[in-house]
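Participant: If you scroll down you'll find the structure; I have some questions about it.
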Ligand SMILES: [Zn+2]
């Protein structure tokens with residue numbers, strides 16, 4: 001491959017590395033925010049279960065007070081039974097007692113429901129707390145990995161940027177200008193391979209046979225006629241060549 005073409009290929013690799021590094025670094029705050037959001041979610045599940053337990057307990061205490069009122073009423077009426085003079089009064093009191101008793105039973109039943117609910121919620125809280133603890137560990141590890149990755153990426157970025165500047169000193173200004181112009185117009189990809197069957201590997205346009213022939217020589221700057229990217233040819237690796245075709249003698 002001609003030195004110019006080699007440098008352009010290298011330049012493209014560096015630019016791709018730089019672009020990916022910038023994207024990774026730019027995505028870092030978002031990734032941290034997402035991890036925090038998942039932690040908050042687990043935390044909210046614990047808080048919500050705790051809140052529901054508090055409500056169930058408050059409701060149960062209110063029902064206990066209500067039950068005490070009915071219980072007192074039943075006791076009072078039962079005491080009064082000893083003081084009544086007529087059968088009619090006695091029956092009226094019996095009726096009051098039955099009513100208070102059934103109200104008491106209804107309240108006690110609700111109390112029991114709240115107690116069962118509280119038991120269930122206590123289990124739920126334990127599970128949510130365990131899930132939160134696991135999530136905390138997971139997210140700490142994730143954040144540490146993310147931070148390490150960014151530090152590595154920053155180093156790679158610095159290295160690639162320096163290598164790029166160095167490469168620039170070795171390239172003719174007209175080639176740098178051509179590269180920049182195509183890269184700007186083509187989403188950062190200024191140089192690409194021609195496929196083994198003679199297509200531009202990015203825009204997939206078929207190259208004219210004599211153009212493809214020239215590209216295969218890898219010794220001149222040839223642009224795709226359709227997307228204007230600079231083309232080069234990467235021969236298939238030997239292993240692939242062995243299985244694909246019998247090598248020429
Ligand atoms: Zn093309």
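Participant: Within region 159-182, does at least one residue satisfy the condition of being within 16 Å of the ligand (Cβ to nearest atom) and loosely packed, with under 13 Cβ neighbours inside 10 Å?
Facilitator: Yes, region 159-182 contains a residue that is within 16 Å of the ligand (Cβ to nearest atom) and loosely packed, with under 13 Cβ neighbours inside 10 Å.
Participant: Which condition number in (1) in contact (Cβ under 8 Å) with a residue 12 or more places away in the chain; (2) away from the ligand (no atom under 16 Å from the Cβ); (3) within 23 Å of residue 11 (Cα to Cα) is the one that residue 125 fails?
Facilitator: (3) is the only condition that residue 125 fails.
Participant: Mind counting the residues in region 207-234 that are within 10 Å of the ligand (Cβ to nearest atom) and exposed (fewer than 15 other Cβ atoms within 10 Å of the Cβ)?
Facilitator: 2
Participant: I would also like to ask the following. Report, ordered by the first and then the second residue, all pairs with beta carbons closer than 6 Å, sequence separation of six or more or different chains, a first member in region 196-222 that is assigned by TED's automatic domain parsing to the domain that holds residue 186 and farther than 17 Å from residue 186 by Cβ, and a second member that is more than 14 Å from the ligand (Cβ to nearest atom) and outside any loop (DSSP other than H, G, I, E, B).
Facilitator: 218/5
Participant: Among 231, 178, which is the only one that is modelled with pLDDT of 95 or more, within 15 Å of residue 8 (Cβ to Cβ) and in a helix (DSSP H, G or I)?
Facilitator: Exactly one of 231, 178 is modelled with pLDDT of 95 or more, within 15 Å of residue 8 (Cβ to Cβ) and in a helix (DSSP H, G or I), namely 178.
The values are calculated or read from the model by the stated rules, or taken from the named source; none is laboratory data. Please read these numbers as outputs of a predicted model, since none were measured by experiment. Reconstructed Cβ throughout: ideal geometry from the backbone, glycine too, with neighbour counts over all protein chains shown.
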